[in-house]
Amino acid sequence: MAKVAILVEQQYQELEVWYPALRLKEEGWATVFVGPAAGVEYKGKYGYPVKSELAIDDARAEDFDAVVVPGGFAPDFMRRVPRMVEFVRTMHEAGKVVAAICHGGWLLASAEIVRNKKVTSFFAIKDDLVHAGARWIDSEAVVDGTIITSRKPEDLPAFCREIIKQLRA
């Protein structure tokens, strides 16, 4: 059974946390909300809460098959936490699925894992990803190796299909 870390922080985009969490649970896989601290309630952009189940300091890449980085403003807060950046980098180096949607690409850029990779994102951070060495493509879901990226909430069906496809492979 696959185990997926879903990173959470304040100002997350609600659909980009809850849609993957519920869709992956529907597949029978375990999801764990991972935040800077365990047991903390983080509010989304529209006020909907999510409670972290595991502190990033206690998250080990070897315990997970994938990580999902949602958008909203949360990734800007996440990349200020060195351990969150390190976790994403370690997951990538271990060949695990690293999936980011919308502004989630900020964390991938900070983890320095997008150089020479095809990615997409919300258009407002295109320049950030290009400056980090990525080849940006305007598409609902882009897969390059084990990196999966999408642009916005409307792309969630394609985003989750690609995550599921990778985890089944």
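All of the numbers you see were taken from the coordinates with simple rules; none came from a lab. Given the structure is predicted, the values throughout are model-derived calculations rather than measurements. Glycine gets a Cβ as well: all are built from the backbone with ideal geometry, and neighbour counts include every protein chain shown.
For this structure, a couple of remarks:
- Set of lysines near Lys51 by C-alpha distance (under 20 Å), chain-local residues within fewer than 8 positions excluded: Lys3, Lys25, Lys43
- Set of the stretch 129-155 residues, backbone N closer than 19 Å to the point 7 Å along the Cα-Cβ line of Tyr46: 151-155
- Convex hull volume of the Cα atoms of the chain, normalised per residue: 92 Å³.
- Between Glu154 and His131, the simple label model (points 7 Å from Cα in the Cβ direction) yields a spacing of 2.8 nm.
- Full-extension gain in nm, Asp58 to Ala124, via 0.36 nm per residue minus C-alpha separation: 20.5 nm
- Taking all Cα pairs closer than 8 Å and separated by 6 or more residues, the relative contact order of the stretch 3-168 comes to 20 percent.
- Shape index of the stretch 68-115: Rg/Rh, with Rg the Cα radius of gyration and Rh the Kirkwood radius from the inverse mean 1/r over Cα pairs, equals 0.92.
- Of the chymotrypsin sites (Phe, Trp or Tyr not before Pro) found in the stretch 1-108, the ones in coil according to DSSP and having at most 13 other Cβ atoms within 10 Å of their Cβ are Tyr46.
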